[in-house]
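So the structure is just underneath, and the comments pick up after that.
None of the figures in this text is laboratory data; all of them are computed from the coordinates on show. Nothing here was measured: the structure is a model prediction, and the numbers come from that model. Cβ placement follows ideal geometry from the backbone for every residue including glycine, while neighbour counts extend to all protein chains displayed.
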Amino acid sequence: MIMSFNLENIISIRDFKKSDVDYILDLADEMVPIAKSQQVCHKKDGKLLGVMFYEPSTRTRLSFETAMKRLGGDVIGFNQKQGTSVEKGEVLYDTAQIISQYADAIVLRHDMAGAARFISQNVDIPVVNAGDGPGQHPTQTLLDLYTMKSEIGELNNLKIAIVGDLKYGRTVHSLVYALAMYNVEIKFIAPDELQMPPEILDDLRKLNCKYSIETTLLDNIDDVDVIYMTRIQKERFPDPKEYAKVKGKYRLKAANLKDNDAIVMHPLPRVDEINFDVDKLKNAMYFKQAFNGVPVRMALLDSIIKD
Amino acid sequence: MIMSFNLENIISIRDFKKSDVDYILDLADEMVPIAKSQQVCHKKDGKLLGVMFYEPSTRTRLSFETAMKRLGGDVIGFNQKQGTSVEKGEVLYDTAQIISQYADAIVLRHDMAGAARFISQNVDIPVVNAGDGPGQHPTQTLLDLYTMKSEIGELNNLKIAIVGDLKYGRTVHSLVYALAMYNVEIKFIAPDELQMPPEILDDLRKLNCKYSIETTLLDNIDDVDVIYMTRIQKERFPDPKEYAKVKGKYRLKAANLKDNDAIVMHPLPRVDEINFDVDKLKNAMYFKQAFNGVPVRMALLDSIIKD
Amino acid sequence: MIMSFNLENIISIRDFKKSDVDYILDLADEMVPIAKSQQVCHKKDGKLLGVMFYEPSTRTRLSFETAMKRLGGDVIGFNQKQGTSVEKGEVLYDTAQIISQYADAIVLRHDMAGAARFISQNVDIPVVNAGDGPGQHPTQTLLDLYTMKSEIGELNNLKIAIVGDLKYGRTVHSLVYALAMYNVEIKFIAPDELQMPPEILDDLRKLNCKYSIETTLLDNIDDVDVIYMTRIQKERFPDPKEYAKVKGKYRLKAANLKDNDAIVMHPLPRVDEINFDVDKLKNAMYFKQAFNGVPVRMALLDSIIKD
């Protein structure tokens, strides 16, 4: 089966058809030996990725840089406002115009939802959204899917528990729309205050995606294939006592995973919702998940940057 | 005609003979396909550019980095004082000695006039001045000349309006000395408080450069080939009311450019002196001007870094 | 004589056998033409060094980056906490796990003694300690040895004056253990408050290393081969008057080096303990010492990063 990839920009996972997702996941597989530096690649020799990060990031920024460099290309840009003309009051639009004059593609992280779409409509080179505030984070979603698929075999028929802050977490919002392309069952495990927004649940029903709403962690992970943990941020709670009550209830420990084969994922950084004693279990997949960001982003960059 | 380039350091445009300028502008033309990554170049493979930026910059720093990387080389350095030994009190002289041990050329931006010249006299590798406070910014001047020449055909017989803060703008100070090498006519358009300094006007008269002093924008741009806009900075005015009075008078809008073929340039970043509606006109040349920084800096780096 | 290098991580000079030191010093010699970019090297093509710098540094960070790039490889990472997930509270352990997924080796500078050892025990790629607070700085020691050996001919029979803050300086602590592998004589020249800690002196006696304790500079440098200067930091003195008393006594001037062939070294940055008039003397070796960081670190990276 010959597949093709038709997106010029990577802005939202909702722009992807299922065939686009499958194309990237398959291409990512081919990228793994290069990502591990078992093979040297010169495909993007002479090409430059323009990295525009207006918010702090280790994982996302460095995995894009790693991806571009493993492909043989190089990187220019900035990872904070300090030290750039942004400090002189330059608007995003102008800065993006400039970077588009220098680089062959832009990766943008910005605190304003819609920023990446706006820029993609105003520059002549491909744009990748690396997180736009409360908006989208499509490359995280693709590496999450890739991790599930490569660890478990296929995405259809997966049972997935998604745990933590489901109300504000852009990562899980993007993820569920992608999962809804496949025949999966999702458990949303969160305190009432942080459950998945009703409009997203409405969308899932329209997409015929099976899900249930749960409020407790430990009695809901025995029959799932994936436990997808996320941070619960103290700042989300108006009353610190409410946070204290909730916090420990959504924390995973090694003892909770006896006789459980589910893989444990996390977009990272974690604070304390996954105990360090989980790290040594075979269930722990969050660091490999971070690695998977490299081949997945290599596949995306390879697809949108013309040779 | 065989030309040659004899400068070892790029410190001030006033060190350039006309033949040096012409050499760089011609070589920049050859660099364009590489700058656009239509061709891959390995000429500076293994070479390192040492970037020492003590002041914030997006355009200048990234276009030097782009230039070096498009040539096949790479970059080391810093783009702010934070995170360097400068924070431990190291003097510029010592830091430059160190970088000169690592790199094949230095690009220096510093807030002190004369810094680049001083360093070039004390290290064994070529030094490029990327702006020394109120002093010089010769690579900006060369890309400005390149933009005029490549868009209009030749520099002789150009009519150029230079608009905005002419008193403090180091960019326009460098530019006029370079323009004076050619047979041009300049209109200096600025409020009285921000006009070109008398000593520079004296120099221009000695160089037989034709110019006029103007205080209004709109009735002075119909007969020019180039409208070179610059920022007027609020901080320059002791009384904010004076600034408010002056500000709107030097702002260019699309409506002001009807039936006018002049190219509009700006060293960027702009604040609001060029309306966004100008961006879509064929007159707007400021983003292409930013691009031109890459082939021009490629030409300079190629000339001073030995293979 | 075929030698080999058996260390997988570079954590402390005390992990080195004499044969390991000699191996690196010899290999560094071979790296010099590449470090000077007289030769182009592609040996580490496609490899990535992960730079994790939690403390400011120019020399160390840039010389590692230079070393990796001169070897044909490239670099990812961060040089300050700002702009990384560390700001979101991520622990060192997790950040290192992530970087180990992206890169082929880690260079770590951290303010906590033992940080590099801890990380090396918890990731699957080689780790180089680039300074862990009051702990070790083994690559500085190796470049110091390399400088002495390449300038003077051999390490055995050297007479070395080590001057300045010997109590708190991690650089000199590492250095003396390495020197003790050879048949050297050391003079420790410092004010009483800042002399070498007794436990290190005990170790030196056990290692049969000859040394003397001195409190004055000028009458102790006539019969040495090396004068190794270090900074005396004002903050070390509870009473600023004590600092003022001591300061000038350990300052080296050109006039002090008449008819003296000793090489003058300094780990840099200096503040004022070496007068600028020393820079032009043939004795001054501190900038060449900084250069030597490149071939020495090339030798280390080449040895620990698998092709």
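Computed quantities for the displayed model
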{"item": "Neighbouring partner chain Cβ atoms per residue of A:259-268, average, 10 Å criterion", "result": "1"}
{"item": "Size of electric dipole in chain B: Cβ of Lys, Arg +1 and of Asp, Glu -1, about Cα centre, debye, nearest 20", "result": "480"}
{"item": "Choice from A:169, A:153, A:135 with maximal GNM fluctuation in chain A (Cα, 10 Å cutoff)", "result": "A:153"}
{"item": "Helix-only mean residue ellipticity at 222 nm for chain A, each DSSP H run of n ≥ 4 adding -39500 (n - 2.57), per residue, nearest 500", "result": "-11000 deg cm²/dmol"}
{"item": "Descending Cα extents along the principal axes, segment C:225-285, whole Å", "result": "37, 21, 19"}
{"item": "At least 18 Å along the helix axis (C-alpha) and Kyte average at least -0.5, DSSP helices within chain C", "result": "C:18-35, C:138-152, C:286-304"}
{"item": "Whole-angstrom gap from segment B:188-217 to segment A:234-307, using each part's C-alpha centre", "result": "64"}
{"item": "Charge tally in the Cβ shell below 14 Å around residue A:114, where Lys, Arg are +1 and Asp, Glu are -1, residue A:114 excluded", "result": "+1"}
{"item": "Cα-centre dipole for the protein assembly as shown with unit charges at Cβ (Lys and Arg positive, Asp and Glu negative), debye to 20", "result": "540"}
{"item": "Test item: Cα-centred dipole of segment C:1-129, Lys/Arg +1 and Asp/Glu -1 on Cβ, debye", "result": "260"}
{"item": "Sorted largest first, extent of segment C:20-106 alpha carbons per principal axis (Å)", "result": "43, 25, 24"}
{"item": "Around residue B:223: net Lys/Arg minus Asp/Glu count, Cβ-Cβ under 14 Å", "result": "-4"}
{"item": "Percent RCO, i.e. relative contact order, over segment A:205-307, from Cα pairs under 8 Å lying at least 6 residues apart", "result": "27"}
{"item": "Within chain B, longest stretch free of exposed GluC sites (Glu not before Pro) [DSSP loop, at most 14 other beta carbons within 10 Å]", "result": "B:155-307"}
{"item": "Cβ crowding within 10 Å averaged over residues, with C:220-226, C:97-103, C:256-262 ranked highest first", "result": "C:97-103, C:220-226, C:256-262"}
{"item": "Relative contact order %, segment B:139-289, counting alpha carbon pairs below 8 Å whose residues are six or more apart", "result": "24"}
{"item": "For a label point 7 Å along the Cα-to-beta-carbon line of residue B:8, residues of segment B:118-136 with backbone N under 17 Å", "result": "B:118-129"}
{"item": "Rg/Rg_ref, the protein assembly as shown, where Rg_ref = 2.2 N^0.38 Å and atoms are Cα", "result": "1.03"}
{"item": "Sites residue A:219 and residue A:192 - FRET efficiency at Förster radius 22 Å, r taken between beta-carbons, to 0.05", "result": "0.85"}
{"item": "Out-of-range pairs (alpha-carbon distance over 25 Å; input A:44/C:44; C:234/C:258; C:18/C:206; B:249/B:282; B:43/C:280)", "result": "C:234/C:258; B:43/C:280"}
{"item": "Inverse mean reciprocal Cα-Cα distance (Kirkwood Rh) of segment C:187-307, Å", "result": "16.5"}
{"item": "Label spacing, shortest first and in nm, from residue C:205 to its equivalents in the remaining copies (7 angstrom along Cα→Cβ)", "result": "8.4, 8.4"}
{"item": "Average partner coverage of A:57-68, which counts Cβ from other chains inside 10 Å", "result": "6"}
{"item": "Cα gyration tensor shape for segment B:57-174, rounded if a/c is under 1.5, else prolate or oblate", "result": "prolate"}
{"item": "Debye-sum result for chain B in log10 I(q)/I(0), which assumes one identical scatterer on each alpha carbon, at q = 0.16 Å⁻¹", "result": "-1.36"}
{"item": "Relative contact order (percent, whole number), segment B:117-185, Cα cutoff 8 Å, 6+ residue spacing", "result": "33"}
{"item": "Shielding by partners, peptide B:92-98 (average Cβ within 10 angstrom, other chains)", "result": "5"}
{"item": "Unit charges at the beta carbon, dipole of chain B: most positive-side option, B:93, B:256, B:75", "result": "B:256"}
{"item": "Segment C:269-307: trypsin sites (Lys or Arg not before Pro) in DSSP coil with no more than 14 other Cβ atoms inside 10 Å", "result": "C:280, C:282, C:306"}
